[in-house]
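The values are calculated or read from the model by the stated rules, or taken from the named source; none is laboratory data. All of these numbers come straight from a predicted model, not from anything done at the bench. Note that each Cβ is placed from the backbone with ideal geometry, even for glycine, and that neighbours are counted across all protein chains shown. All accessible areas refer to the heavy atoms of the entire protein, side chains included, with ligands and DNA or RNA removed. Shrake-Rupley method; radii C 1.70, N 1.55, O 1.52, S 1.80 Å.
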Amino acid sequence: KEPPIETLTLFLQKYGIKEEDKPRYIRTDQGGELARSSTFRDTVAKFGYTLETTGADNSSQNGRGERPHRTLANMVRCLLYSSSLGSEFWSDALLYATYIYNRTYHEKLHKTPFEAWTGRRPSISHIRTFGTPVVVKEPGNRTTKIDPHIYQGIFLRFSGTKKNIVYYDLHSGRVKIATHKRHDEFQYSSNTSN
């Protein structure tokens, strides 16, 4: 594993603490890809941050960083379990869990993380249940009127815009993006084996 130096540099340039008199820390575990990387340490120091490492097998020392991981892991487990989808969909479940988490009210912020970050109040009217059946219109022209023109799939998450969804196409076994779709949340919990 190599540390994501370019990503760290871009992030700290844009969102790093700018005040010189304010203490700046980055805390990480003792893993070799970050804490033991001289390139990572040099980048952190270049932006005026102090690198702190936690004790071995003691993630509680980095509670502010670890608690969201635990919350998201619980959400991912719930999304996968309730949708009866396997672990191969964990990354989609994680992205959707993060999407929902960022639009959930947080007591300490007195707003949602989305609103704290963007200054805009989020709409949740488009939120759908993870793993629900979707029917998607096939893009492009059909050769004849009687050709099939829909795909059946499973809703996984939204793409970069809430107008497009990412779904698993049951016919091809591939993950795809679609705009024209219908969700069937009423069939979500019904037993389809009968």
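Quick notes
- Close pairs (6 angstrom Cβ cut-off, 6 or more residues apart or separate chains): assigned to a helix (DSSP H, G or I) in the stretch 1-29, modelled with pLDDT under 85 and exposed (fewer than 13 other Cβ atoms within 10 Å of the Cβ) anywhere: none
Conditions (1) within 22 Å of residue 173 (Cα to Cα); (2) modelled with pLDDT of 90 or more; (3) among the polar types (S, T, N, Q), marked per residue:
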| site | (1), (2), (3) |
| --- | --- |
| 32 | no, no, no |
| 35 | no, no, no |
| 58 | no, no, yes |
| 91 | yes, yes, yes |
| 95 | yes, yes, no |
| 127 | no, no, no |
| 139 | yes, no, no |
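- Residues of the stretch 74-92 satisfying the condition of being in contact (Cβ under 8 Å) with a residue 12 or more places away in the chain, part of a loop (DSSP other than H, G, I, E, B) and over 18 Å from residue 158 (Cα atoms): 84
- When each of 83, 87 is tested for being among the small types (Gly, Ala, Ser) and open to solvent by less than 50 Å² (accessible area, probe 1.4 Å), the lone residue that passes is 83.
- Matching residues in the stretch 98-126 - criterion: being of a type in the set (A, V, I, L, M, F, W, C) and either outside any helix (DSSP H, G or I) or at positive phi (or both): 109, 124
- With respect to (1) outside any loop (DSSP other than H, G, I, E, B); (2) in contact (Cβ under 8 Å) with a residue 24 or more places away in the chain; (3) not hydrophobic (A, V, I, L, M, F, W, C), the lone exception for residue 129 is condition (1).
- Restricting the stretch 25-52 to residues that are closer than 22 Å to residue 69 by Cβ and out of contact with any helix residue (DSSP H, G or I) (no Cβ under 9 Å at 6 or more places or on another chain), the residue that is most open to solvent (accessible area, probe 1.4 Å): 36
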